[in-house]
Amino acid sequence: MIEIEIKGKLYQVCNQWEDLTLKRFIELSEVPIPERLERLWIASANLNGQGNKKLLEAEYEKAINEVSHEDLVKHFPAFYGKVIEVLSDIPAEIIDRIHGDLRTQLYDDHLSQFVLSLIYSAPVDKIGGKIDVYEPEPINSFKVFGEEFFFPKSLRLYNDIIPMAEEKTITFAEAADIDIAMNGLRTEGIKRLPVFMGIYCRKEGEEYDEQAAIRRQEVFLNVTMNIVWALFFYTVKLTYVSQSFILTYLKRVVEAVAPQITEPAD
C-alpha cells in the first residue's frame, strides 16, 4: 500500500496483491475497459510472444493508430479514474478533480498490473517498472477474521503425490468452478473465486460440507489476493501432479502386464 497526498490529505492506494482483497478485485473486474485500450494492451503483450513477428508488429501498429486524441485525453483517463476509485480510498469527488495526465501516471506507476491480469487471464506484477509473471509466496494456510483455514491435503503413495486423495468425490464435482475461474477471469470466473475457496479451504480436520462452503463465500471475499493466487496456483499444480501420477501408474501397469503377453501360437 502506498500513500499519496492530495491537498494536504493522505490517501491509501493498493499497489501490491497483498493490498487487494478478493472483493475489490471482483469490483475491478466489473469496470468496463475501453475496447481500443484493451486491444492496444493485448497487441503490446503479443509482441513478446510466439508467432509471425511482422504480423504481430503490424497488429500493434494498427492498435496504436486506432487510438484517437479523444481516447488519450478523455476516455482512457476516465477509465483510469474508475480504477483509482476501486483501488484506493480517494473519494470520487476528489478523483473528478485530478487531471488526466496525473490519473494516467498514477495508474501506470501503481495500478496497471491488476487490470492487465484481468486482460491476460493470469496474474502479473510490476517489478522495477516492468510487467512480469506474478509468483505468490507458497503457503499452506491463512487466517481471516481470526480463523485459520487450510489448503487441501495430499497423500504420498509409491513416492508419488496423489492430490486431494482424502477428498470425497463431491469435492471434485464442485471443483468444476476452478475451470470457470481459470478460463474467464473477467466474467463469472472472478465472481466464482469465493466458491472456489469455499470448496478447498477448510478448518483443520474438517470434511467438505457444501453448506459451509456457501456460507463462507462472504468471509473469503475479505481474503487478500496474494492468498487467493497462492491457493489457485497450489491446486493447479496439484492437478498437473495428479495427471503425472495417472500416467506413471498406467505405465507401471503396462510394464507389469507386458511380460505376461506372448505371441499366439501358429
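The values are calculated or read from the model by the stated rules, or taken from the named source; none is laboratory data. Since we're looking at a predicted model, the values are computed, not measured. So basically every Cβ, Gly included, is an ideal-geometry build from the backbone, and we count neighbours across all protein chains shown.
Scanning region 42-54 for residues that are surrounded by fewer than 17 Cβ atoms within 10 Å (Cβ to Cβ) and part of a helix (DSSP H, G or I) returns 42, 44, 45, 46, 53, 54.
Within the span defined as region 45-55, every residue fails to be within 20 Å of residue 117 (Cβ to Cβ) and at pLDDT 90 or above.
Here the condition is being outside any helix (DSSP H, G or I) and either of a type in the set (D, E, K, R) or on the phi > 0 side of the Ramachandran plot (or both); of 59, 70, 18, 3, it holds for 3 alone.
Cβ-Cβ distances below 7 Å connect the following pairs, each with a first residue in region 51-71 that is farther than 29 Å from residue 101 by Cβ, a second residue that is in a helix (DSSP H, G or I) and modelled with pLDDT under 90, and a separation of six or more residues or different chains: 56/46.
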